[in-house]
Amino acid sequence: MSKSYSPIQEFEAKQLSVDLLDHPEDFYMHNRRYSASVIMQVVYGHRIPVCIWPSLARLIAGDCEEIRMIYAILTRFASFRRPGAYLIDVFPELEYLPLYNYISGWKSVGDEIHRKDAATFKYFWDRMKREIEEGTAPHSWGKGFVQSDYGKHGIDELQAIYAAYDLYRVGLIVVER
């Protein structure tokens, strides 16, 4: 990781240590928050908050809202892209048969996943852009990307949103390992 981002890792590692000492039974939740927060700060300039009521947090799926949003995307991705989940994975030419599309529902499932995922990506993107406009956005990859005027390179807003989220998703996987 770049030297400019090492303070993020150091701070989050300290927070993780405190969280683990205070509530070791929430080991998995703390590690998810740590990895999500490190990469969220690198890409969007935002920390993932610490759940301050661990017993309440367990009642509401064990994580903060941002974590639930992020991992819901990863869960949808894993279930929809599981090899063999849809017959069309084996026979791609079925896409051109209207009857198959009507019977299987794979397109409507994919469209719904895209709608939910895009809404989450847009939430993080819009918050970052608003802070950039207000002059309060901290250093992040996303801030540099927005300020680079990505539109002049033929990248539209949705593509920019996906570029940032793809970096986030890949970074999350790497940080977790």
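Laid out as a table, the results:
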| read-out | value |
| --- | --- |
| Members of the stretch 21-39 that are modelled with pLDDT of 85 or more, more than 22 Å from Ala137 (Cα to Cα) and among the aliphatic types (A, V, I, L, M) | Leu21 |
| Residue identified as modelled with pLDDT of 90 or more and either outside any helix (DSSP H, G or I) or surrounded by 13 or more Cβ atoms within 10 Å (Cβ to Cβ) (or both) among Val42, Val18, Val50 | Val42 |
| Residues satisfying the stated conditions in the stretch 134-156, i.e. surrounded by 13 or more Cβ atoms within 10 Å (Cβ to Cβ) and farther than 18 Å from Pro7 by Cα | Phe145, Val146, Tyr150, Ile155 |
| Those residues of the stretch 70-112 which are under 23 Å from Gln159 (Cα atoms), surrounded by 12 or more Cβ atoms within 10 Å (Cβ to Cβ) and modelled with pLDDT of 90 or more, in sequence order | Glu112 |
| Filter pass, Glu12 being in a helix (DSSP H, G or I) and modelled with pLDDT of 85 or more | yes |
| From Lys122, Lys116, Lys152, residue being free of Cβ contacts under 8 Å to residues at least 24 places away in the same chain and basic (Lys, Arg) | Lys152 |
| So Ala78, is it closer than 21 Å to Ile39 by Cα, among the hydrophobic types (A, V, I, L, M, F, W, C) and touching a residue at least 12 places away in the same chain (Cβ under 8 Å) | no |
| Residue list for the stretch 82-124, restricted to those being over 24 Å from Tyr165 (Cα atoms), assigned to a helix (DSSP H, G or I) and of a type in the set (Phe, Trp, Tyr) | Tyr96, Tyr100, Tyr102 |
| Selection count, the stretch 124-133, where residues are exposed (fewer than 13 other Cβ atoms within 10 Å of the Cβ) and under 20 Å from the mean Cα position of the chain (by Cα) | 2 |
| Test: residue in the stretch 151-167 that is outside any helix (DSSP H, G or I) and of a type in the set (A, V, I, L, M, F, W, C) | yes |
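The values are calculated or read from the model by the stated rules, or taken from the named source; none is laboratory data. As the structure is a prediction and not an experimental result, all values here were calculated from the model. Positions of Cβ are generated from backbone atoms using ideal geometry, with glycine treated the same way; all protein chains shown enter the neighbour counts.
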